[in-house]
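Student: I'd like to ask you about the structure that follows.
The values are calculated or read from the model by the stated rules, or taken from the named source; none is laboratory data. Source: prediction; values computed, not measured. Here the Cβ positions follow ideal geometry from the backbone for every residue, glycine too, while neighbour counts run over all protein chains shown.
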Amino acid sequence: MLGAIVFDTHAYVKRLKAVGVSEEQAEVQAETLAVLVDERLATKQDLERGLKDLELRLTHTLTLRLGGMLVVGVTVVATLVKLL
């Protein structure tokens, strides 16, 4: 898996056991933490993809707004020219 976050559950269990946590508790903690790391943490690639999506949406929105302002501006100028 590209960009996956590696979490060594075995080493984590060994460290917990070394400080007096029971093997059963250490294994449950390691499994729970592995699920959280896998499901909740974003990788650098995730962040870059999100940033690109945001940039595209922002560019699209700003383009639409600028186009709208130009249409309104041209309409106002054309109306003023007609009236004068």
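Student: Please list, ordered by first then second residue, the pairs with beta carbon atoms under 7 Å, 6 or more apart or interchain, first in the range 4-19 and more than 15 Å from T32 (Cα to Cα), second loosely packed, with under 13 Cβ neighbours inside 10 Å and of a type outside the set (A, V, I, L, M, F, W, C).
Tutor: K17/E23
Student: Every residue in the range 33-54 that is without any contact (Cβ under 8 Å) to a residue 12 or more places away in the chain and closer than 11 Å to I5 by Cβ, please. Please lay out each step first, then the result.
Tutor: Filtering the range 33-54 down to residues without any contact (Cβ under 8 Å) to a residue 12 or more places away in the chain leaves 35-36, 39-40, 42, 47-54.
Hits for the range 33-54 are L36, E39, R40, A42.
Student: Failed condition for T32, given (1) β-branched (V, I, T); (2) more than 27 Å from D8 (Cβ to Cβ); (3) in the same structural domain as V13 (by TED's automatic domain parsing), with all others met?
Tutor: (2)
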